[in-house]
There are 2 protein chains.
Amino acid sequence: MSSTAFPAASGSEKQAEQADRIFSGKNDDYGGVIVEMTSEPMDPSLFVTILRASICQWRQQGKRGVWIKLPIELANLVEPLVKEGFYYHHAEPKYLMLVHWLPVTVNTIPGNATHRVGVGAFVMNQKNEVLVVQEKSGQFQGSGFWKFPTGVVDEGEDICDAAVREVKEETGIDTTFVEILAFRQSHKSFFEKSDLFFVCMMQPSSFDIHIQEQEIEAAQWMPYEEYASQPFIQQHEMLKYIVNACEAKIQDKYHGFSAVKTETGHSKKISYLYLNMDHNCDYTQ
Amino acid sequence: MSSTAFPAASGSEKQAEQADRIFSGKNDDYGGVIVEMTSEPMDPSLFVTILRASICQWRQQGKRGVWIKLPIELANLVEPLVKEGFYYHHAEPKYLMLVHWLPVTVNTIPGNATHRVGVGAFVMNQKNEVLVVQEKSGQFQGSGFWKFPTGVVDEGEDICDAAVREVKEETGIDTTFVEILAFRQSHKSFFEKSDLFFVCMMQPSSFDIHIQEQEIEAAQWMPYEEYASQPFIQQHEMLKYIVNACEAKIQDKYHGFSAVKTETGHSKKISYLYLNMDHNCDYTQ
């Protein structure tokens, strides 16, 4: 959703010229328009003049949602935008996205992202040893508890790729993704946001551990029984479910969700579909 | 993560009094402090005076991340905060959350929410008819394509509950959640954000359709074969996988993920864990 930028003013002559202009934006798929401001400084009163003229035109065109992506360098324009009827939609470190619903009909602007996504990696070698770590910070710091490598899925990253990356970063071990064994949804994990945490079974293809000094205190291959018998797991209802699913998987009595790369419809966009592929029917017929 | 509010100033006497104050915040679990501003108007220069004194004290206390939750009514304080070194972390319609990392060590402030979560509901009655709808807007508008009821999972809502709610809202049908059959992760679905879409099998407990006039053009119980043979599905690789999984499920040859309510550790927080429960092992041992 890139959009055209407004060429910023510099100097009062240019400002006078530009006062007649309107912002150029890109149409979205829902009858709205998206304006992406550059980070060049802009005088707030000139900004408001152009904004009002632009909104007048967009109203005539029957536009619905008007989106303004404002770089943090233009923090001085947040207040004028709010005074003109815009509200916050979402923000990232370097910009704030504001939106204004023009029609008198019900506002159908979709909500913001609601979930963070994390992965935990169940990596077992051929000696039935599982790859475990102790972290330098976080809730288990100093507890002596050995845990699966875990991490946060980056924006735009596939869950199966995130699991490979996190294991490699934390322990130096190369793996390939096998299956999602289970996932947990929890709420108010981070301010008001929810969390989805996917337990991924991974197949290791290297075995020499090199820990990431910054985050990881220690890492090792640990006999599975020793991992599973840690008191923390035995007292933790959810971890017990996960450990039992891992154990069933080792015994080939469990089927999680595989990752299948698929195309979707006309756009032919490629996405991963996760589903149980371990059945006697051919899903591709 | 609620926090104490700063009693806002009103009148110049109060301002003079308050210039000696520091903001009171709530400590977070990571060595940081969270200040939640009230929506009472505040003079920017007074705000900066108090902010600087506060930061000085927080530095002495060894605080790491400083979070300021700023109601949209205080949009005039965004620029001063940015000038003092704060940047945007996330935003919702009524507030902006800014953060400032005080230590000289690497910034470990976690990222923002990255995913929206959606559900699609596969609801079949005892006559092997599936519940389908046509929407008044969106990509299938006017296409004649009959689709599963779908919707967005609200902030703080469980996936299994969202599926029940969406089916009820769109069609008036009461259901209970059975299993997650599959899910898709896609990227850049909404600006830079990703999307997780869960296909849920639901058991209906009522059968009279009452459509939601605002969003839904039509709804019906349709013979499954008729649904599955729609050209759009046959041309859509991912939908074919999903349809085949649904078909295998009807024939009892498919096992998705059930929802199990579990406690996690010391906090005893209740979360849903989704996993394959259809195996010959007792996960609760």
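Among the residues making up the range A:214-241, those that are part of a helix (DSSP H, G or I), more than 27 Å from the chain's Cα centre (by Cα) and hydroxyl-bearing (Ser, Thr, Tyr) are A:TYR224, A:TYR227.
Residue count for the range B:81-138 under the criterion of being buried (at least 20 other Cβ atoms within 10 Å of the Cβ) and on the phi > 0 side of the Ramachandran plot: the result is 0. With respect to B:ASP154, determine if the residue is touching a His at 6+ places or on another chain (Cβ under 8 Å) and within 11 Å of B:VAL117 (Cα to Cα). So B:ASP154 does not fit the description; no.
If you filter the range B:267-281 down to residues that are more than 8 Å from every other protein chain (Cβ to nearest Cβ) and assigned to a loop (DSSP other than H, G, I, E, B), you find that the one that is modelled with the lowest pLDDT is B:SER267.
Residue count for the range B:229-250 satisfying the condition of being more than 8 Å from chain A (Cβ to nearest Cβ) and either buried (at least 20 other Cβ atoms within 10 Å of the Cβ) or modelled with pLDDT under 90 (or both): 4.
When the residues of the range A:56-78 are narrowed to those that are without any contact (Cβ under 8 Å) to a residue 24 or more places away in the chain and not polar (S, T, N, Q), which ends up farthest from the other protein chains (Cβ to nearest Cβ)? Lay out the reasoning, then the answer.
Pass one, the range A:56-78, residues without any contact (Cβ under 8 Å) to a residue 24 or more places away in the chain: A:56, A:60-61, A:75, A:78.
From what's left, not polar (S, T, N, Q): A:56, A:75, A:78.
On the way: A:CYS56: 23, A:ALA75: 4, A:VAL78: 4 Å.
The selected residue is A:CYS56.
There is at least one residue in the range A:36-55 that is at pLDDT 95 or above and in a strand (DSSP E or B). Hand me the list of strands (runs of 3 or more DSSP E) wholly inside the range B:104-172 holding 1 or more residues that are within 14 Å of chain A (Cβ to nearest Cβ), out of contact with any Leu (no Cβ under 6 Å at 6 or more places or on another chain) and β-branched (Val, Ile, Thr). Those strands (runs of 3 or more DSSP E) span B:115-123, B:150-152.
The values are calculated or read from the model by the stated rules, or taken from the named source; none is laboratory data. Quantities reported herein were computed from a predicted structural model and do not represent experimental measurements. Neighbour counts run over all protein chains shown; Cβ positions are idealised from the backbone, glycine included.
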